[in-house]
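Here it is, the structure, as structure tokens.
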Amino acid sequence: MKSALSVTGGVPQPPVVNALAVEKLKKKKRKHFSTEELTEGIKSGDRTMLGRAITLIESNLPEHIEQAHIVVNNCLPYSGKSVRIGITGVPGAGKSSFIEAFGKHLTSLGHKVAVLAIDPSSGRSKGSILGDKTRMEQLSADPNAFIRPSASAGSLGGVARKTRESIFLCETAGFNVIIIETVGVGQSEIAVHSMVDFFLLLMLAGAGDELQGIKRGIMEMADMIAITKADGNNIDKAKMAKAEYSGALHLFPPAESGWVPSVVTCSSHNNTGIEPIWEEISKYRAFTHANGYFEKKREQQVQSWMFETIEELLKNNFYNHPAVISKLNDIKNKVSMRKICSYTAADILLKSYFDSLQVKT
């Protein structure tokens, strides 16, 4: 007997992935720009070309590295005409909020501002965690501002490996104020201090003694200290912190520049205390230009960058050399199993490396 119940197949569901869209994306290739196109684009202030060139600089592909070096060398004669400002501070000091308020103030004065924000990298994906561009919505929409978040990718203290070259490109593109924001976790401040003209330290009122170890080392490098979030019920605390830090600065030895750092209070929320900070930076520039320290520091920086680059290239060449690659895993295992000590392991690898470099006659 035939059952009265029956099951229909229903309406067939569309595929989750649009096959036509996938095929279209495969066919769509990103245009490759020549070295000349990138250079001329940067010189004309083209943001797209500037972004593409910085992407080349950050790439580890051999063909990208070669092209990036040519672009940077082409831009060098047009760089160096900006003031480079390093901004750091303890976590929670409001660095991004301050930079947005500070950047908007500078663009209102007619300046072109580039922000190179060093974003902490994810330990898993190696990508940016904080997304600085999304935290500076107003400044990122300003036609006279350029924000480039770069993942630190495990480099020293969170400082992106190619930030220096990015500075040159931004200057060539016509940005006359370059701001470098650090992660604010320690050694990154030392690296940033070596690539900027003015070092601004942002501090919180009543942060507690647990941060004193970080404070002293950074305070010695600071050209100015700004107590942030000086608004509402925090105004009195900020004034007390200002007095304390002003007294502490007198205990440090005089800076090589001859400049005496000052302490100010500011509020990004109320947009107060921002203008005096730029005025102080302008005074610093005039002061150090007059005594010759500004150019002296720039010369020291480029020489230091050269030696650091040599060390980096030697290190990369060593670890990517076939003679080292062929022995590295075996040596690592022997060290782990305590068959040889670390010094002996390093000596074996270095001898293999240098022996392979000898030219056979």
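Could you pull out the trypsin sites (Lys or Arg not before Pro) across segment 258-361 that fall in loop regions by DSSP (anything but H, G, I, E, B) with no more than 13 other Cβ atoms inside 10 Å? Intermediate values should be presented prior to the final figure.
On the way: sites: Lys283, Arg285, Lys296, Lys297, Arg298, Lys315, Lys327, Lys332, Lys334, Arg338, Lys339, Lys351, Lys360; in loops: Arg338, Lys339, Lys360.
Counting only loop positions with at most 13 other Cβ atoms within 10 Å, the trypsin sites (Lys or Arg not before Pro) in segment 258-361 are Arg338, Lys339, Lys360.
Just the number: Rg to Rh for segment 31-76, Cα atoms, Kirkwood Rh, two decimals.
Numbers: Rg = 9.4 Å, Rh = 10.2 Å.
We get a ratio of 0.92 for segment 31-76.
What's the exposure ranking of Cys170, Cys75, Cys266, going from fewest to most Cβ atoms within 10 Å? Write out the running numbers ahead of the final one.
On the way: Cys170 29, Cys75 21, Cys266 25.
By the 10 Å Cβ count, ascending: Cys75, Cys266, Cys170.
List every residue whose amide H lies under 5 Å from the amide H of Thr272, counting only residues 5 or more places away in sequence or on a different chain, with H placed 1.01 Å from N in the peptide plane.
Distant-sequence amide H within range of Thr272: Ser267.
For each of Ser44, Ser97, count neighbouring Cβ atoms within 10 Å of the residue's Cβ, then give the residues from fewest to most.
Values: Ser44 12, Ser97 17.
Result, fewest neighbours first: Ser44, Ser97.
Using r as the Cβ-Cβ distance of Arg47 and Arg285, and R0 as 25 Å, what FRET efficiency do you calculate, to the nearest 0.05?
0.40
Turning to a different aspect of this structure: First measure r as the distance between the Cβ atoms of Ile65 and Glu36, then evaluate 1/(1 + (r/R0)^6) with R0 = 22 Å and state the FRET efficiency to the nearest 0.05. Intermediate results must be reported in sequence, preceding the final value.
Working: r = 18 Å, r/R0 = 0.82.
Step by step, r from the Cβ atoms, then E = 0.75.
Could you tell me what fraction of 2.2 N^0.38 Å the Cα radius of gyration of segment 308-357 comes to, as a two-decimal ratio? All intermediate terms of the calculation are to be shown ahead of the outcome.
On the way: Rg = 11.5 Å, N = 50, 2.2 N^0.38 = 9.7 Å.
Taking N as the residue count of segment 308-357, the ratio is 1.18.
Rounded to two decimals, what ratio of Rg to Rh does segment 267-359 give with C-alpha atoms and a Kirkwood Rh? Present the calculation step by step, with values, prior to reporting the outcome.
Working: Rg = 24.7 Å, Rh = 18.1 Å.
That ratio is 1.37, to two decimals.
Counting other beta carbons within 10 Å of each residue's own, what order do Glu171, Glu295, Glu40 fall into, fewest first? Could you put the intermediate results ahead of the total?
Numbers: Glu171 23, Glu295 11, Glu40 14.
Lowest count first: Glu295, Glu40, Glu171.
Something else: Checking a compactness column here: for segment 44-121, what do you get for Rg(Cα) / (2.2 N^0.38 Å), N being the number of residues?
On the way: Rg = 15.4 Å, N = 78, 2.2 N^0.38 = 11.5 Å.
Ratio of Cα Rg to 2.2 N^0.38 Å: 1.34.
Between Ile190 and Leu328, what FRET efficiency comes out of the Förster formula 1/(1 + (r/R0)^6) with R0 = 22 Å and r the beta carbon distance, rounded to 0.05?
On the way: r = 30 Å, r/R0 = 1.35.
E(calc), rounded to 0.05, equals 0.15.
All of the numbers you see were taken from the coordinates with simple rules; none came from a lab. Every value quoted in this text rests on a predicted model; they were computed, and no experiment measured them. Cβ: placed from backbone, ideal geometry, glycine included. Neighbour counts: every protein chain shown.
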